[in-house]
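Below: the structure, in structure tokens.
What follows draws every value from the coordinates through simple rules; no lab data is involved. Just so it is clear, the structure is predicted and the values come from calculations on it, not from any experiment. Neighbour counts are summed over all protein chains in view; Cβ atoms, including those assigned to glycine, are modelled from backbone coordinates with ideal geometry.
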Amino acid sequence: MPLKRLIKAVLPKPALHAAVRVRDGVNFLRVPKAAFDARNLRPANGLELRAIFTDESSAEAWRKDHAAIAPLFGTGERFGGVNPGDRRAIYYLVHALKPKRMLEIGTHVGASTLYIARALRAAVPDGRLTTVDISDVNHPRDGAWVGVGLDRAPRDMIRQLDCERHVEFVVRPSLDFMARAGETFDFIFLDGDHSARAVYLETAAACRLLRPGGAILLHDYYPEGRPLYAGGAAIVGPYRALRRVRRECPDIAVLPLGALPWPTKDGSNLTSLALVVKAA
């Protein structure tokens, strides 16, 4: 058995999580300072989250598109995928902000990809999403969709949802893609590698790729690095990364979305989604 698998099999989960945190922290200390430019970020006072999440036109569109997605993806959680309440929040944000060009880092099983695609289809007829993953998420045998019990790959679900013209799948490391991207984006969703190093460098790259007034959305941002859900652990990488970003660039702020008007997971309505914005 490979050493990594042996360690995972022997160590209890709390000890394993602690070891990962220590390793992540040590690696992060070695990362050279990046350059951050907050000029194109949407201002913190330019977002009315309560209005976005209670907007009836978004609610009506979501109900229609959720009904189309549910038979393909299901209505519950899929291991490693964005939970149902967070998927709904992402849909409302896309529907409200109407980005013409959107970038998603971390496709995995396509949980958020499907809802972004349908939100673009509903609100931005010429909207386009580029979704990037280090693995071939559509592989017929090795794609993550196989392991979570889905009947079809993300690309096939996108096709059945009549969203092919809105979505491009890219297999490439995130930072490699972002360094060579030949375009800019209105909305960037970071949900790939959750290590502090990766989120720190991806945030710097995302700032460079933003169009004026653009938005960056983080997933698994746990304020103060503390758990949000009963009995759950906190993923500390994104919080550590943004703590350093804010220290090095005070013009950048983080806006956790907090409590949503609908359930998310574990009987809660809290979300780990957070927007990176220009400080007020």
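Over segment 165-222, the pair-distance histogram of Cα-Cα distances with 5 Å bins from zero comes to 4, 17, 30, 28, 16, 5, 1 percent, rounded to whole numbers. The distance linking segment 89-103 with segment 112-161 is 16 Å (Cα centroid to Cα centroid, whole angstrom). Across segment 258-272, computed HN-Hα scalar couplings (Karplus, 6.51 cos²θ - 1.76 cosθ + 1.60, θ = phi - 60°) run x, 8, 9, x, 9, x, 10, 8, 6, x, 10, 10, 7, 10, 9 Hz from first to last residue, x flagging Gly and Pro.
For segment 115-176, the direction-averaged projected area of the alpha-carbon convex hull comes to 4.6 nm². Shape analysis of segment 122-268 yields a ratio of the Cα radius of gyration to the Kirkwood radius, Rg/Rh, of 0.97.
Multiplying each eigenvalue of the alpha-carbon gyration tensor of segment 25-145 by 5 and taking the square root yields semi-axes of 26, 23, 14 Å, largest first, rounded to whole angstroms. Restricting attention to the chain, the count of lysine pairs at 8 or more positions apart or across chains with alpha carbons under 29 Å apart stands at 10. Packing, taken as the mean count of other beta carbons within 10 Å per residue, orders the peptides 163-173, 229-239 from highest to lowest as 229-239, 163-173. By the compact-protein rule of thumb, 2.2 N^0.38 Å, the alpha-carbon radius of gyration of the chain corresponds to a ratio of 0.97. One Cα centroid belongs to segment 38-84, the other to segment 239-271; the line between them spans 16 Å.
Global size of segment 36-77: 15.7, 42 Å for Rg and Dmax (C-alpha atoms, Rg to one decimal, Dmax whole). Sorting 25-38, 89-102, 255-268 by their mean Cβ neighbour count within 10 Å, with the most densely packed peptide first, gives 89-102, 255-268, 25-38.
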